[in-house]
Amino acid sequence: MNRGSLLSSPSNRLRISMLALVAGLSPWTAMAQAPEEAEDQSNAIVVTAAGYAQDIVEAPASITVLGREELQEKRFGSLAEALQDVQGVDVGGEAGKTGGLNISIRGMPSDYTLVLIDGRRQNAPGGVTPNGFGETSTSFLPPFSAIEQIEVVRGPMSTLYGSDAMGGVVNIITRKVGDRWVGTATAESTIQGDDRFGNIQSINGFAQGPVIDNLVGLTLRGSVFHREGSDIPIPGDPALTLGRNPVRSRTSTPMAVA
């Protein structure tokens, strides 16, 4: 049977037409899905890239926004879980002595990732926090119930924020005080499989509400972190035996919001 007879068959012509139709529709389907995915980000208002509120599409940087709805729907257990799927962000798997984690952006060391809460820097100079205490920038974060959105800026932001932001910026923006009181409390515990390693416990609390309606509001948050000492001495080098003493960290940050 020659090529002409194959094409002249009605059934073969129908199959070829259907295949051509499917092939033609595939790019249109992909193009229709792409705007829907981009639409969620294109409607976002960001403040981190320029220091003032603007549409994300006008921001002079590569930004990912994690909104309040996404944070609630996915029920992240920590900032590390929330950022693990953000493009260009790497979260260290080992917690520091205060329970914080190292966050790196675009391959830069974590020292060059600036962490902000409502625009206020949480990073401490490296010389002030040696020997496992360098993760304090992510140790005392507000609970997700207090967060409105998280903005992740990838790329150098040194002009606006200084040398701490050569890798990028993570800005955690908290909720505004509403018209009624709300609050949450969480408790976490990590029990080590090897009893030579110390267990970890933490408690976090958050409360927010109006003091004078439409005039003054109040936000309170606090946390307690306790890490037991580990019984793993390193012979001949006591300076490397860093986890033998218990570490306790407490913070309580009251804020009045007009």
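The values are calculated or read from the model by the stated rules, or taken from the named source; none is laboratory data. No experiment lies behind these values; they were computed from the predicted model shown. Here the Cβ positions follow ideal geometry from the backbone for every residue, glycine too, while neighbour counts run over all protein chains shown.
A few comments on the model shown:
- Filter pass, N204 being at pLDDT below 85, within 19 Å of the chain's Cα centre (by Cα), surrounded by 20 or more Cβ atoms within 10 Å (Cβ to Cβ) and within 23 Å of Q84 (Cα to Cα): yes
- Where strands (runs of 3 or more DSSP E) fall wholly inside the range 166-214, the ranges with 1 or more residues that are over 30 Å from P156 (Cβ atoms) are 182-190, 200-212.
- Matching residues, the range 163-187, being loosely packed, with under 14 Cβ neighbours inside 10 Å and touching a residue at least 40 places away in the same chain (Cβ under 8 Å): S163, K176
- Considering the range 106-148, and only residues there that are part of a helix (DSSP H, G or I) and within 24 Å of G51 (Cβ to Cβ), the residue that is modelled with the lowest pLDDT turns out to be S137.
- Being surrounded by 14 or more Cβ atoms within 10 Å (Cβ to Cβ) and over 15 Å from L116 (Cβ atoms) is a property that T138 lacks.
- Residue count, the range 52-83 (criterion: farther than 24 Å from P143 by Cα and in contact (Cβ under 8 Å) with a residue 12 or more places away in the chain): 6
- Residue in the range 48-89 that is modelled with the lowest pLDDT, counting only those that are within 9 Å of the chain's Cα centre (by Cα) and polar (S, T, N, Q): S78
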